[in-house]
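The block underneath contains the structure these notes are about, expressed in structure tokens.
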Amino acid sequence: MYSKRFEKETFKAEVRDNVKTLYRKTIDEATPQQIFQAVSYAVKEVIIDDWLASQKAYDEADAKTVYYMSMEFLMGRALGNNLINMTAYSEVKEALKEMNIDLNAIEDEEPDPALGNGGLGRLAACFLDSLSTLNYPAYGCGIRYRYGMFKQKIENGYQVEVPDNWLKEGNPFELRREEYAKEVRFGGNIRFEKDPETGKDIFIQENYESVLAIPYDMPIVGYGNHVVNTLRVWDAKAITDFQLDEFDRGNYHKAVEQENLAKLIVDVLYPNDNHYSGKELRLKQQYFFISASLQAMIAKYKKKHNDIRKLHEKVVIQMNDTHPTVAVPELMRLLIDEEGLNWEEAWEVMSKTCAYTNHTIMAEALEKWPIDLFSRLLPRIYQIVQEIDRRFLIQVREKYPGNEEKVKKMAILMDGQVRMANMAIISGFSVNGVAKLHTEILKNQELKDFYEMFPQKFNNKTNGITQRRFLAHGNPLLAGWITDRIGDGWLTDLSKIANLKPLVNDEQARREFMQIKHKNKVRLAEYIKKHNGIELDPRSIFDVQVKRLHEYKRQFLNILHIMYLYNQIKEHPEMSFYPRTFIFGAKAAAGYQRAKETIKLINSVADVVNNDRSINGKLKVVFIEDYRVSNAELLFAAADVSEQISTASKEASGTGNMKFMLNGAPTLGTMDGANVEIVQEVGEENAFIFGLSSQEVINYENQGGYNPLDIYFNDWELKRVIDQLMDGTYANGDHNMYKNLYNSLLNTQCTARPDMYFILKDFRPYAEAHKRVEEAYRDEQRWSKMAILNTACSGKFSSDRTIEEYVTDIWKLKKVYVPSGQPE
Ligand SMILES: *Cc1c(COP(=O)(O)O)cnc(C)c1O
């Protein structure tokens, strides 16, 4: 047993006690939310013992630690996951049942901590789970946004954004650590002096504004190993009067300003996914959490070590995209201005400490800060960036004499902008892509110049997901079945799931596997009945596309194809057609017009199709409101088909694709991102692949695109679908509702390149791939084999595998074993 505190009677007493002390109530009087809090505090008690034990073991081992720096951590709910990882889920479920409490209902009381947009933030969360499970010392560092990703409501088919006040009821799984607060300074000017004694340059920041960063620690529990790492997210508060300079005391305006700055800085997560929007506040957020995290990191190092020149032997920083890249100049500043190193010494330490992960090659996602904004907000940091750039360009000109083109392409400072990706690549010791195809495109196209200059820095780390959340927690029926069949080793070593492979020839096993899928479809159908009021047939094919709404992900292609199928069914009612349920879930960035129009289109098509009695329920379309980690778990478990249809070359990896595969849903997709590796593992005959290759897309792009009118005028069925965007079919007669979408496909007046994402080009191959899906699904034996094989071949896609690769190639960490912190 993980802890005696989980013994039924002990645990029940603890929950009763907590309800009493927290709310002065008995269990029968407590609300579900109050019971959630009481249960969570009981669980946290256990966690804290192991948290202390982990810290002690790390201290004794003096182990190297990774600091995973990320603007986003899309954690999902903590209670259920913590219980899974403490191997106490079923014990606690039973204990609560004896008190007439349903654990699942209690879990539903927890708000999703949605401190992330999508894939990038969820990756950070999976990595933390794996780091703890694999016994590696780690900190996640980020921001404690008061408002995380907005809640999505659908009103009259349109997305409405509602603030996500996730802390309203308090977060039982966090600890405020006031004693580790750090000051962070913005703006002002830099005065330069010579130290009269040492003759060294000193830089003094004056007339700045500052805020106090206060850390909140959240425990990250490893699976069954008593390891608890820390996710440290920073809150901001104003520096109170007595901490202001002598000069500023009693300066009321200044006090109010600092109050406002502090409130604003951590107010809200920017809801853009794969899109840069140069807002000053966003840069403030970046510097705020990076400066605080690095100050804390150095302070911790100095408690045990006195030579700051060896910092890189004990810490390594992974930058999740360019968002944390101010870590480079900030670490230089701390080493030079605060620790007294000279430039060369500081560079040596910094460049051996920082590593960068690239997540996208799309131009609109690249961070480029205007120099005037950057230098005004971070004057000392800007000086350091100038010096990094100056020294780097000397190197470039040495390697490529007279080639000013190279300088233009590779400089950090160019055309009035600070190019963060260039700084990350130049300064760190590692640059990694997130899937094989993506890394090859980086090396051979997007970052070719840098690859030629620093080939040794480039490496691939194909993303992964944690099987603890996305199978053990999200799909308990399948998890239990797998454990019955092959043991529970897969929980910490997903390569073992390959032991399911022989079962494809076992008829009984195939039947059981499909029965579980059916039960999960019934569970999802109940959720949809409750939330959408739509009745589904769980025997229909559940075809699911859930991910952020983005043009490159091509939800538009999916819905156009549904419109096409609907026309077909209406015109040929006798045609044989296997009933299909198309399920979407997606949030659009608040200012992204075409994305929002796509949501409206999906909902309008759903309205028409679902209410057309004449098609006998052959086709249903569902839009899941507020797609997030908690309902994602239900969706992956219930999916028959995984839609991964991005324009080839645009999706760096994808991780949703892996979650579907793990849960036995074959991929219907393009050869993009990690789909390529999924197909490699499962075999092309167990996936449905279609469309342009990444090289074909890149070739078209290099020749300025293609002419979609050639397709439009030669495919009358497709033309009819596109015309239906403008004829009011799905808009109650309104001819303008989808004009932005229509124009994005065809109108050269409205877009530089019509159909930038090759939707018309890929339409027929996509429709044909759907035909193959239908045919395969009709053959129950064939389908059940495919489904099991997808699960059985998903071993590579555990984030445990990804983390071991980061550890071996980049971080060089050692495992630390933690004795149970539980009292005997
Ligand atoms: C996995 C996940 C994502 C990423 O999905 P992709 O299909 O890889 O874009 C986004 N949001 C949530 C809630 C997820 O769980």
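Highest average first, the peptides 505-516, 318-329, 675-686 ordered by how many other beta carbon atoms sit within 10 Å of their residues are 318-329, 675-686, 505-516. The charge dipole of the chain, taken about its Cα centre with unit charges on the Cβ atoms of Lys, Arg (+1), Asp and Glu (-1) only, comes to about 460 debye. Which percent of the accessible area of the chain is formed by carbon and sulfur heavy atoms (probe 1.4 angstrom)? Looking at the chain in its full context, I get 48 percent from C and S.
Please work out the C-alpha center-to-center distance from the range 745-779 to the range 664-735 and express it in whole Å. When both Cα centres are located, 3 Å separates them. Pair-distance distribution of the range 634-768: all C-alpha pairs, bin width 5 Å, starting at 0; shares per bin in whole percent are 2, 10, 17, 17, 17, 14, 13, 8, 2, 0.
A straight Cα-to-Cα reach below 21 Å connects residue 254 with the lysines 182, 237, 263, 284, residues fewer than 8 places away in its own chain not being considered. Kirkwood radius and radius of gyration were both taken over the C-alpha atoms of the range 678-737, and their ratio Rg/Rh is 1.17.
Just how far, in whole angstrom, is the range 521-568 from the range 127-196 if you go by their alpha carbon centroids? With the range 127-196 and the range 521-568 each reduced to a Cα centre, they are spaced 33 Å. Considering the range 576-624 at the alpha-carbon level, its Rg and Dmax are found to be 12.7, 42 Å.
Set the Förster distance to 25 Å, then compute FRET efficiency between residue 748 and residue 695 from the Cβ-Cβ distance, nearest 0.05.
0.50
State whether the range 60-161 is rounded, prolate or oblate according to the following rule on the C-alpha gyration tensor (a ≥ b ≥ c being the square roots of its eigenvalues): a/c under 1.5 gives rounded; otherwise a/b larger than b/c gives prolate, and the remaining case gives oblate. In terms of gyration-tensor shape, oblate. If you look at the Cα atoms of the range 191-328, you get an Rg and a Dmax of 18.5, 58 Å.
For residue 496, the aspartates and glutamates whose Cα falls under 12 Å of its own Cα, not counting residues fewer than eight places away in the same chain, are 488. In the frame of its principal axes, the range 533-609 has Cα extents of 44, 25, 22 Å, reported largest first.
Could I get the Rg over Rh figure for the range 282-399? Both from C-alpha atoms, Rh via Kirkwood, rounded to two places.
0.97
To the nearest 0.05, how large is the calculated FRET efficiency for residue 29 and residue 778 if R₀ is 51 Å and r is the Cβ-Cβ distance? Let's see the in-between values first.
Details: r = 55 Å, r/R0 = 1.07.
Efficiency for this residue pair is about 0.40.
In this simple spin-label approximation, residue 189 and residue 703 carry label points 7 Å from Cα along the Cα→Cβ vector, and these lie 5.8 nm apart.
Determine, for each peptide in 194-201, 82-89, the mean count of other beta carbons within 10 angstrom over its residues, then list the peptides with the highest first.
82-89, 194-201
Of the peptides 722-731, 361-370, the ranking by mean beta-carbon count within 10 Å, highest at the top, reads 722-731, 361-370.
From helices alone, the chain scores -13500 deg cm²/dmol at 222 nm; the rule is -39500 (n - 2.57) for each run of n ≥ 4 DSSP H residues, then divide by the residue total. Take the Cα of residue 162, go 7 Å toward its beta carbon, and the backbone nitrogen atoms of the range 524-542 under 15 Å from that spot belong to 531-532. A simple count of charges around residue 368, restricted to other residues whose Cβ falls under 15 Å of its Cβ and scoring Lys, Arg +1 and Asp, Glu -1, yields -3. Total lysine pairs in the range 518-607 at Cα distances under 22 Å, for residues eight or more apart or on different chains: 19.
Since only 306, 635, 335 are under comparison, the one whose Cα sits farthest along the positive direction of the charge dipole of the chain, derived from C-beta charges on Lys, Arg, Asp and Glu, is 635. Projected onto its three principal axes, the C-alpha set of the range 381-513 covers 71, 30, 22 Å, listed from the longest axis down. Once the mean of 1/r is taken over each pair of separate Cα atoms and inverted, the range 163-202 shows a Kirkwood hydrodynamic radius of 15.4 Å. If you take the Cα centroid of the range 197-229 and the Cα centroid of the range 597-650, the two points sit 43 Å apart. The length gained on full extension between residue 22 and residue 55, counted as 0.36 nm times the residue separation minus their Cα-Cα distance, comes to 9.0 nm.
With a/c under 1.5 counting as rounded, go ahead and sort the range 562-643 into rounded, prolate or oblate using the C-alpha gyration tensor (a ≥ b ≥ c being the square roots of the eigenvalues; past the cut-off, prolate if a/b is larger than b/c, else oblate). Judged from the Cα gyration tensor, the range 562-643 comes out oblate (a/c at least 1.5, b/c at or above a/b). With an a/c value of 1.5 or above and a/b not larger than b/c for the gyration tensor axes a ≥ b ≥ c computed over the alpha-carbon atoms, the range 28-68 is described as oblate.
If you wrap the Cα atoms of the range 130-198 in a convex hull and average its projected area over all directions, you get 11.8 nm². What the Kirkwood sum gives for the range 715-794 is a hydrodynamic radius of 15.5 Å, with every pair of different alpha carbons counted. Each Lys or Arg adds one and each Asp or Glu takes one away; over the other residues whose Cβ falls under 15 Å from the Cβ of residue 160, this sums to -1. Just to confirm a number: summing +1 for Lys and Arg and -1 for Asp and Glu over residues other than residue 193 whose beta-carbon lies under 13 angstrom from that of residue 193, what do you get? Overall, the nearby charge balance is -2.
Overall shape of the chain was characterised from the C-alpha gyration tensor. The equivalent ellipsoid obtained from it has semi-axes of 43, 35, 26 Å, in decreasing order.
Considering only 373, 430, 363, the residue lying farthest towards the positive end of the dipole of the range 360-461 is 430, judged by Cα position with unit charges set on Cβ. In this rough spin-label picture, where each label sits 7 Å from Cα along the Cβ direction, the residue 63-residue 454 distance is 2.8 nm.
Considering all different alpha carbon pairs of the range 331-439, the Kirkwood hydrodynamic radius works out to 15.2 Å.
For the set 300/352; 200/300; 368/408, the pairs lying more than 20 angstrom apart at their alpha carbons are 200/300. For the chain, build the charge dipole from Cβ charges (+1 Lys, Arg; -1 Asp, Glu) around the Cα centre, then report which of 534, 730, 454 sits farthest towards its positive end. Farthest towards the positive pole: 534.
The values are calculated or read from the model by the stated rules, or taken from the named source; none is laboratory data. Computed from a prediction, not measured in an experiment: that's the story for all the values here. Virtual Cβ from ideal backbone geometry, glycine too; neighbours counted across all protein chains shown. These area figures cover heavy atoms from the full protein model, side chains too; ligands, DNA and RNA do not enter into them. Shrake-Rupley method; radii C 1.70, N 1.55, O 1.52, S 1.80 Å.
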